[in-house]
Amino acid sequence: MNICPHCHIGRIQRQEVNYVCWLDGHMMLVPRTPAYVCDVCDNLEYDPDFMLGVRYLIHQHEATQKQTTRARPKKAAGKPAKSSDLAPL
Ligand SMILES: [Zn+2]
């Protein structure tokens, strides 16, 4: 087992934990996320390969959201008034 890089006392153990983050104002929970946890200071580092996959999925979601936003028709903006449309005082 590896020694904890944070406290230099504990040993790192692989565990499955919940990963929680916020995405577009919604809480996202990824259960059973592989992580490395120190048995002394509880320092936690998520598995970098797994997190790469999570970030890829988030990026794909954001790209889909942007495409959906662009595809929506925009509301018609009010026609700007011309100076000739204004009534004389
Ligand atoms: Zn530690």
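Below, the figures for the structure above:
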{"read-out": "Filtered residues of region 1-37 (kept if within 19 Å of Phe50 (Cα to Cα) and of a type in the set (D, E, K, R))", "value": "Arg14, Glu16, Arg32"}
{"read-out": "Residues that are within 11 Å of the chain's Cα centre (by Cα) and on the phi > 0 side of the Ramachandran plot, drawn from region 9-49", "value": "Asp24, Gly25"}
{"read-out": "Checking Gln65 against (1) in contact (Cβ under 8 Å) with a residue 12 or more places away in the chain; (2) more than 16 Å from the ligand (Cβ to nearest atom); (3) in contact with a strand residue (DSSP E or B) (Cβ under 8 Å, 6 or more places away or on another chain), the condition it does not meet", "value": "(3)"}
{"read-out": "Test: Gln60 is at pLDDT 90 or above, assigned to a helix (DSSP H, G or I) and surrounded by 10 or more Cβ atoms within 10 Å (Cβ to Cβ)", "value": "yes"}
{"read-out": "Residues located in region 16-31, provided they are closer than 27 Å to Ile3 by Cβ and either surrounded by 14 or more Cβ atoms within 10 Å (Cβ to Cβ) or of a type in the set (Phe, Trp, Tyr) (or both)", "value": "Val17, Tyr19"}
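For (1) among the aromatic types (Phe, Trp, Tyr); (2) loosely packed, with under 12 Cβ neighbours inside 10 Å, each residue gets a yes or a no:
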site	(1), (2)
Thr33	no, no
Asp49	no, yes
Tyr56	yes, yes
Thr64	no, yes
Gln67	no, yes
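The values are calculated or read from the model by the stated rules, or taken from the named source; none is laboratory data. Given the structure is predicted, the values throughout are model-derived calculations rather than measurements. All Cβ positions, glycine included, derive from the backbone under ideal geometry; neighbour counts span all protein chains shown.
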